1. Mind ranking 102-112, 43-53, 508-518, 251-261 by how tightly packed they are, going by the mean number of other C-beta atoms within 10 angstrom, highest first?
2. Pull up the DSSP beta bridges for region 212-361 and report the antiparallel fraction as a percent, rounded to 5.
3. So what is the diffusion coefficient of region 209-258 in µm² per second by Stokes-Einstein at 10 °C and 1.306 mPa s, using a Kirkwood Rh over Cα pairs?
4. Under 37 °C and 0.692 mPa s, how fast does region 652-774 diffuse according to Stokes-Einstein, given a Kirkwood radius computed over C-alpha pairs? Answer in µm²/s, whole number.
5. State, as an integer percentage, the relative contact order of region 650-773 based on alpha-carbon contacts under 8 Å between residues 6 or more apart.
6. Taking the Cα atoms of region 235-363, report the difference between the largest and smallest coordinate on each principal axis, in whole Å and largest first.
7. Only bridges with both residues in the chain count here: give the DSSP antiparallel percent, nearest 5.
8. Show log10 I(q)/I(0) for region 286-356 at q = 0.14, 0.21, 0.22 Å⁻¹, two decimals, from a solvent-free Debye sum over equal Cα scatterers.
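The values are calculated or read from the model by the stated rules, or taken from the named source; none is laboratory data. The structure displayed is predicted, hence computed values, not measured ones. Neighbour counts are summed over all protein chains in view; Cβ atoms, including those assigned to glycine, are modelled from backbone coordinates with ideal geometry. Accessible surface is based on the protein model in full, side chains and every heavy atom, while ligands, DNA and RNA are left aside. Shrake-Rupley method; radii C 1.70, N 1.55, O 1.52, S 1.80 Å.
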Amino acid sequence: MRSSKLVLWFDELSIADVPLVGGKNASLGEMYRELTNKGLRVPNGFAITASAYRYLLATSGAEELLREALRGLDVHDQKELARVGARCREIIGNAKFPVPLKNEIATAYKKLCSFAKIHEIDVAVRSSATAEDLPDASFAGQQETYLNIVGEKALLSACKNCFASLFTNRAIAYRAEKKFDHFSVALSIGVQIMVRSDLACSGVMFTLDTETGFRDVVFITAGYGLGENIVQGAINPDEYYVFKPTLRAGKKPIISKTLGEKSLRMIYGNEKKPTRNILVLEQERKKFALTEDEVLELATYGVTIEDHYTKKRKMWTPMDIEWAKDGRTEKLFIVQARPETVQSRKNKNLIEEYSLNKNGKNATVICKGKSVGSKIGQGKAHIIHDIKDMNIFKQGEVLVTDMTNPDWVPIMKIASAIVTNRGGRTCHAAIVSRELGIPCVVGTNNGTQAIKQGQNITVSCAEGEEGTVYDGLLPFTVNKIELTTLKKLPVKIMMNVGNPDEAFELSFLPNDGVGLARMEFIVTDFIKVHPLALIHYNKIKEPEVRKKIDLLTQGYSDRTHYFIDKLSQGIATLAAAFYPKDVILRFSDFKTNEYATLLGGHQFEPKEDNPMIGWRGASRYYSESYGPGFALECAAVKKVREEMGLTNLKVMIPFCRTVEEGKKVIAAMRTNGLVQGKNDLHVYVMCEIPSNVILAEEFCKIFDGFSIGSNDLTQLTLGVDRDSELVANVYDERNLAVERLIQTVIRIAKKNHRKIGICGQAPSDHPDFAKFLINEKIDSISLNPDSVLKAIRLFGK
């Protein structure tokens, strides 16, 4: 009878065999049988079944001893939990393998060696609990994994340790809290041919964004050597995002790449210690562990696995996947896959918005890292360097440590927030924090040094991908909104968005796309260098500026590619977040004094007495001086639309004073490969100068539509410097003169069948002004994200 078999091979297993071999092994079998013919590589192996585990307990008398040891245990008593856990592991460690089980494992190992054509093949030995990776349980990481196990004797020893790991302190506590009977959960063991990633790299892949639950990306992390360093959070890995919809269409949509520190490489050790860590050379740390082709190949594997499980389960099933690259063959393999169990369960119709109050945003920053989740937590910092000190940690404190592993879970559960020196967004601390709903900042590098013991701190994950630790207990607010209760507006509601780090989260707000995507934010925060300083690098006079540019552009033989890559990734993230809705990107609209603040900028920018109405917007794009910089902007847009397939990206020209200027800009775009109308490329113009209204009929002939910039239109109509406090009382977008101009341009645009929207600040600040626009039948209103829900509640039908 199959259910009583002690060993089953991967090609004998399917996902229906979870009761026999646990979620991990059942999934490996499912992929080995069903997906290798679709190009997926899964290393061969076999499962030692849950029946084998029960057979060991029954024949050795271990079960009765375990029941006795566990009787009356209070899992909240950490000392008692540690004592009982150690006793349970000792009981299994002393249990003798029955001869039939021992022989079957040995025979299967020999057969695997024969399959690999190696006398003694190195294998990975992984636990697979029979209740692991079920929709209502997340046992992942609670039991042990052993790598580079060679020979029958070492294999049997590793199997014994795997069985014992069913009774680690954390596993016992988890089962008790979830009300799983300790003896209804059994352990299977997967024995799988090792992928020699010690000679290459490995990592983790999720088929959604782990922080927001955004479903249209594959998120990949990568580090050198064996994968345990990433899982344990011992390194800060490289990170990549790939956009699924256009990947399926054959495009190359790597929308984001972030270089990680990758300071350690786990490699093969010796018989006593099968693995060990070595330091990665500085020049290797500065390189990405994967090529772009490999990133796309992995993402394709991820989509294939997700599609298979979604079809199998008849519901969307995002996946948590481990991968490895073999350094001998240069091939990529999938070594584990299980359903993601945190974001996929969340109700996306309920939005919980955390935000620091205005005075809190100016507080002292202690350190920064990668944010996990989008909440804010605070309390007294408790720095713990060693797990043996966990008993003194108190509920509500902020846990600050180098890194965590599954043994830290009991105190993580009672922490108000977590801060670690090391780890990326797929490390242990990140995974557990998400599951617990606790804000966590990982990879700060210096958290345990910068934060003082007992210091009151606020941990904010509510400001995008960058998490911040502030000094003091800062005031913050939490708003809960049920989206299904919101009413429909008689106008399209778009958003003004500049920060790519916030895009995925913002996409869940009710919206019709992005009416203003600000390029300036990406240039300032992600690129940081003036484009002409990259083009004319050899002309830079200051050694310190050169040094900073060298640091930012390391790995690029052509520094202009750095600008194109970073800009295209920022733009692509915005376009992907709202796909297939329109995302209207405004080309750079820095003023000369703002451009000068970029690295190397002051050398390439003139000094103007009044930059607000000086050399900005359209006048720069066709000029000899800035034309080469505009060419880089166009190259980034072209890459997003053509290489990544994000044709929902449209473009907009700011501060276009005359019709002739508009024609020159469109000609410059064409020269740089952006052809209006080709592949649905719409080119809009900002309506922010009175001449745009006065000559609206003529502008309609060369542009596809208008976006009203109420800020500049108001100051130029009323002759008011919007930055001057002396005339601030005059500045008002609701002035009749401004409203008349807006009314006129809306009517002319409608008559000429051109799109007309507004992306200025006024509708966000003044509900009566927004009502005026709706009455004039404007096509769209683009609001700041924090005003979207307020506007819908105010004006919904």
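1. 43-53, 508-518, 251-261, 102-112
2. The answer is about 95 percent antiparallel.
3. 132 µm²/s
4. Calculated translational D: 218 µm²/s.
5. Answer for region 650-773 is 24 percent.
6. Dimensions of region 235-363 along the principal axes of its Cα atoms: 52, 49, 35 Å.
7. In the chain, DSSP labels about 65 percent of beta bridges as antiparallel.
8. At q = 0.14, 0.21, 0.22 Å⁻¹ the computed log10 ratios are -0.61, -0.95, -0.99.
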